[in-house]
Amino acid sequence: MSKFFDKSDLTRKDVENIVSETLNNCDDGELYLEEAKSESILLDDNKIKSSNYSSDIGFGFRAISDEVVAYSHSNEISKDSLKNSSANLKSTLKSSKGTYNHEIPKTNNKFYDDINPIEQKTLDEKLEVLNQVNNYLRKKDSNVKQVTASFSGEQKSIEIIRSSGEALTDVRPLIRFNVSVMLEKNGRKETGVYGIGGRQSYDAYLKNDNWKKVCEEALRIASVNLDSKPAPAGEMKVVLGPGWPAILIHEAIGHGLEGDFNRKKTSAFHDLMGQKVASEGVTIVDDGTIDKRRGSLTIDDEGTPTERTVLIENGILKNFMQDRLNARLMNAKSTGSGRRENYKHIVLPRMRNTMMLSGNHSQDEMIKSVDKGIFAVSFGGGQVDITSGKFVFNCTEAYEINNGKIGSPIKGATLIGDGPSILKEVSMVGNDMMMDPGIGTCGKAGQGVPVGVAQPSILIDKMTVGGTKL
Amino acid sequence: MIKDQEYLKSKASYCLDLAKKLGATDASVTVGNSISESVNFRNKSLDESNRSDSLAISIETYIGNKKSSISSSNLLDKNLKILIEKCYETTKITPEDEFNSLPDKDILAKEIKNLNLYDNSHLDNDKKIDYLKELEQTASIDKKIINTESGFTENKSNFILANSDGFCNGYKSSSFSASCVAVAKDENSMERDYEFTSKCHLNDIIDPKNLGKIASEQTIKKLSPKKIESGKMSIIFDKRIAKGLLSSFASAISSSAIARGTSFLKDKIDHQIFSETINIIDKPDIVKGMGSQCFDSEGVKSDSLKLVDCGFLKDYLVDTYNGKKLNLKSNGRSGGSTNLYFENGNMNIEELLRIDNRSLYITETIGHGTNLVTGDYSVGATGFLVENGEFKYPVNEITIAGNFNEMFKNITLANDLEFRYSVNSPTIFIEGMTVAGK
């Protein structure tokens, strides 16, 4: 349990005393300890380009008084280092008169096993799969000019020590397997990327030659793009496919519903609670409790058990996502959304697995209803300006729709929309909800955390497509 | 206090000795320490303080042409021993790669120029708070500003790079940065904008009053934006985003993208890719430069490069591994460009605004719509409509798109270059891009 102090000059009692004494007059705070073991193995250009193993250990000490957060972190787990941090926190919160909130919910649920995925497959076996991927793709299509394939795996162990000496722990496995392929035909080059992952062993994802499916999907996307024409420019109807395109929900709605931006009133959504922000039939949840998913957590990085938070129910805005700090200041409760990239960063309210639930239309129906528009199947990434509400995302596989029929593939283009109004433009919600393949990383304030998204196919009546063809 | 050179050197030589003893034919180590202290303000009161003390070591071991690497933040000898043993064992079973090697000895940096990258000044948190108070005071004078957030960060770093060919060097550097983000609101919209300053030396940063004033003015100007019609338009890139086009150029000429064949600029050496008025320089030895370096991340000395001369591409950014693959010598650019910039153009900003009678002046782009394989470019944008040289009204919820091959050829530069970042550009004018709006 107290493996963090094994090699240090600290006893558990010493640590508890320093934590309690530092947080004495504070409203909240904790000592967060983390040990991460990670690996990345990369095949590129026919060779194993890199094999890296990393082991990182450190603590982050946080004290909160009213709205003010003091934070100090270090790699050195020692009495001196911890006392230095404590002094640093106290100097920021000189006149603090808070009352420590000891309440923290408990859970017996676990959404993943205490495994170290790195050790569950030997390096030889991993190298073998990467070489198979390379050979398979190059043999399958003579237009393949470049193949990149990678494994990344991690085991992160955390412990949170609160003012009372109460300790909360979690062991989090995470893996990702990725394939990128570049094709060249008649002087034209295009790439296709696909990956899978989550909080299980590599083999849970790669069994039954599943890696071949990943290869084929990357190859398929690249092949489609080889024949793509310039994308249109202007406002039009957009049909989004199920699964990964839900990064639209993540960017357009998700970030704007994070507690911090709403407490600070800098989100375009801050005064819309209880109001209609989406078409009827649109329900969006953020769920940290789905078994072994990339965005799931047993407890968040403040120790709060995660939950399924209903953000929008049948078009009405119901809840924001909260960490402890923002919940306290907004008279709400933490939704188990307090997350940080690692011990070097402060906690922020973040998304976990953000999902739009199924409706009752078919994708066919949506496409048939469109005279002129685009059908977007796969995406690169997105970004949002939470204050103006404007968001973008980049298509990596899309087609034009003409008179209710899917036409030629179009080149990658950025789509732009307005977060608070885009969901009112949703005129059909599909019956085909699907999770993404487990590859998403969300960035906020310089911190990346693993997340998931899901949605059914949806029809958006009006969005601006940023192509070059007028 | 950050760890001194002696401590870092002792860790580096411990690792090199151990790797050699285990049987590694070559090894290289980077070990560094960085301490940063920051204070954040919001609406004129303290919001957050953050102190960060980070140690990091990364080790590469070679057995002939086999290579693997480890990294850690735990510098205890006992831990390093376990990791180096693991690294050595992994190297043994990693396949050969003929291009893996330490850099050639004759191009390693021999002298370390003093580029004045370290300022020993220390600003107490209380002094940082004074700076931010003054900053937010000016930032929030206008009633339309409803929220201000600002921050001050002081960072000091030290590192040593050592390899088994006898290279062992490093130096301290510092940075002092302040930023202000303002939110303004009127009856039609809520908008956000920012200003920031970052320098190696404390005395060189912008004064707080000015920083707050610029952030506030830039934000208020964006209120009540309109969406414009789709069409072909001339685009003007404000300096703070113009540098993004140069960064994309730098990624496209990195030797790794060229060696892998995944760049639209592959095989373009001695080809014209910009108009003949354009020169691009990468200069590592600018005194106090934000991207300055005495050697690259492999220890190779880096000289100034004229990457683009009168529109013609002259050089790639080459490291040891990809250089060998391409039959080129490393030019000390492992880790990318250093201080990269366009040389000034011939016209002033007023003249640039009048090149076309109707153009779009872009101050911010969002999204990752840059495809370096094809050169295709499509991003979300906000800015201002410019007619006959005058700013008319703010514009948002539009995209701008084109392809770098044509965009680069159509660049006209103003003569307002400043050195604020590691990548710097004068204001850029590009004709004939596509705007998607209404």
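The values are calculated or read from the model by the stated rules, or taken from the named source; none is laboratory data. Small disclaimer: the values here were computed from a predicted structure and weren't measured. Because the Cβ atoms are built from the backbone with ideal geometry, glycine has one as well, and the counts that use them run over all protein chains shown.
Brief remarks on what is shown
- Top-ranked residue in segment B:24-60 [being over 25 Å from A:GLY58 (Cα atoms) and touching a helix residue (DSSP H, G or I) at 6+ places or on another chain (Cβ under 7 Å); ranked as surrounded by the most Cβ atoms within 10 Å (Cβ to Cβ)]: B:ALA27
- Of the residues examined, B:ALA182 is not one that is away from chain A (no Cβ under 13 Å) and either β-branched (Val, Ile, Thr) or closer than 15 Å to B:ASN40 by Cβ (or both).
- Considering B:GLU149, B:GLU89, B:GLU85, B:GLU154, the condition of being among the acidic types (Asp, Glu), in a helix (DSSP H, G or I) and in contact (Cβ under 8 Å) with a residue 60 or more places away in the chain is satisfied by B:GLU85 alone.
- Just one of the listed residues (B:GLY289, B:GLY244) is in contact (Cβ under 8 Å) with a residue 60 or more places away in the chain, within 30 Å of B:THR30 (Cα to Cα) and not in a loop (DSSP other than H, G, I, E, B), and it is B:GLY244.
- Scope segment A:47-72; condition more than 7 Å from every other protein chain (Cβ to nearest Cβ) and closer than 30 Å to B:ARG260 by Cβ; matching residues: A:LYS49
- Complete set of residues in segment A:268-288 that are surrounded by 24 or more Cβ atoms within 10 Å (Cβ to Cβ) and not in a loop (DSSP other than H, G, I, E, B): A:ILE284, A:ASP286
- Test: residue in segment B:312-334 that is touching a residue at least 24 places away in the same chain (Cβ under 8 Å), more than 14 Å from chain A (Cβ to nearest Cβ) and closer than 30 Å to B:LYS232 by Cα: yes
- Test: A:THR22 is under 15 Å from A:ILE160 (Cβ atoms) and within 14 Å of chain B (Cβ to nearest Cβ): yes
- Filtered residues of segment B:1-56 (kept if of a type in the set (Val, Ile, Thr) and assigned to a loop (DSSP other than H, G, I, E, B)): B:ILE2, B:THR25
Each row is one residue, and each column tells you yes or no for (1) part of a strand (DSSP E or B); (2) at pLDDT 95 or above; (3) over 25 Å from B:GLU276 (Cβ atoms); (4) touching a Gly at 6+ places or on another chain (Cβ under 8 Å).
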{"site": "B:GLU351", "(1), (2), (3), (4)": "no, yes, no, no"}
{"site": "B:TYR361", "(1), (2), (3), (4)": "yes, yes, yes, yes"}
{"site": "B:GLU364", "(1), (2), (3), (4)": "yes, yes, yes, yes"}
{"site": "B:LEU385", "(1), (2), (3), (4)": "yes, yes, yes, no"}
{"site": "B:ILE398", "(1), (2), (3), (4)": "yes, yes, yes, yes"}
{"site": "B:LYS438", "(1), (2), (3), (4)": "no, no, yes, yes"}
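- Residue among A:GLY448, A:GLY452, A:GLY443 that is crowded, with 24+ Cβ neighbours inside 10 Å and either out of contact with any helix residue (DSSP H, G or I) (no Cβ under 7 Å at 6 or more places or on another chain) or assigned to a strand (DSSP E or B) (or both): A:GLY452
- When A:LEU219, A:LEU248 are screened for being crowded, with 22+ Cβ neighbours inside 10 Å and either under 20 Å from the mean Cα position of the chain (by Cα) or assigned to a strand (DSSP E or B) (or both), only A:LEU248 passes.
For (1) of a type outside the set (A, V, I, L, M, F, W, C); (2) under 30 Å from B:SER150 (Cβ atoms), each residue gets a yes or a no:
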| position | (1), (2) |
| --- | --- |
| A:PHE59 | no, yes |
| A:ALA87 | no, yes |
| A:GLY98 | yes, yes |
| A:LYS140 | yes, no |
| A:GLU159 | yes, no |
| A:ARG162 | yes, no |
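- Unmet requirement for B:GLU136, which otherwise passes all of (1) surrounded by fewer than 20 Cβ atoms within 10 Å (Cβ to Cβ); (2) in contact with a Lys or Arg (Cβ under 6 Å, 6 or more places away or on another chain); (3) assigned to a helix (DSSP H, G or I): (1)
- Matching entry among A:SER388, A:SER358 (being at the interface with chain B (Cβ under 10 Å from one of its Cβ atoms) and not acidic (Asp, Glu)): A:SER388
- Inclusion of A:GLU190 among residues that are assigned to a helix (DSSP H, G or I) and either touching a residue at least 40 places away in the same chain (Cβ under 8 Å) or touching a strand residue (DSSP E or B) at 6+ places or on another chain (Cβ under 6 Å) (or both) is not warranted.
- Breaking point among (1) over 30 Å from B:ASN188 (Cα atoms); (2) surrounded by fewer than 20 Cβ atoms within 10 Å (Cβ to Cβ); (3) within 14 Å of chain A (Cβ to nearest Cβ), for B:PHE404: (2)
- Odd one out for A:GLU16 among (1) more than 10 Å from every other protein chain (Cβ to nearest Cβ); (2) surrounded by fewer than 18 Cβ atoms within 10 Å (Cβ to Cβ); (3) among the charged types (D, E, K, R): (2)
- Boolean, A:GLY254 is touching a residue at least 60 places away in the same chain (Cβ under 8 Å), under 28 Å from A:GLY412 (Cα atoms) and touching a strand residue (DSSP E or B) at 6+ places or on another chain (Cβ under 8 Å): yes
- Residue satisfying all of: in segment A:90-114; surrounded by 14 or more Cβ atoms within 10 Å (Cβ to Cβ) and in contact with a Ser or Thr (Cβ under 6 Å, 6 or more places away or on another chain); farthest from the other protein chains (Cβ to nearest Cβ) among these: A:PHE111
- Subset of segment B:168-207 [assigned to a strand (DSSP E or B) and of a type in the set (Asp, Glu)]: B:GLU191, B:ASP193, B:GLU195
- Members of segment B:412-426 that are in a strand (DSSP E or B) and more than 14 Å from B:SER359 (Cα to Cα): B:LEU413, B:ALA414, B:VAL423, B:ASN424
- The residues on offer are A:LYS265, A:LYS292, and the sole one that is without any contact (Cβ under 8 Å) to a residue 60 or more places away in the chain and in a loop (DSSP other than H, G, I, E, B) is A:LYS265.
- Inside segment B:208-241, residues that are within 14 Å of another protein chain (Cβ to nearest Cβ), in a strand (DSSP E or B) and more than 26 Å from the chain's Cα centre (by Cα) make up a count of 4.
- Listed by position, the strands (runs of 3 or more DSSP E) inside segment A:23-77 whose residues that are surrounded by fewer than 21 Cβ atoms within 10 Å (Cβ to Cβ) number at least 3 are A:28-44, A:47-65.
- Scope segment A:161-210; condition in contact with a Leu (Cβ under 8 Å, 6 or more places away or on another chain), crowded, with 22+ Cβ neighbours inside 10 Å and within 29 Å of A:LEU31 (Cα to Cα); matching residues: A:ILE161, A:ARG162, A:GLY198, A:ARG199
- Scanning segment A:177-202 for residues that are of a type outside the set (Gly, Ala, Ser) and over 22 Å from the mean Cα position of the chain (by Cα) turns up A:VAL181, A:MET182, A:LEU183, A:GLU184, A:LYS185, A:ASN186, A:ARG188, A:LYS189, A:GLU190, A:THR191.
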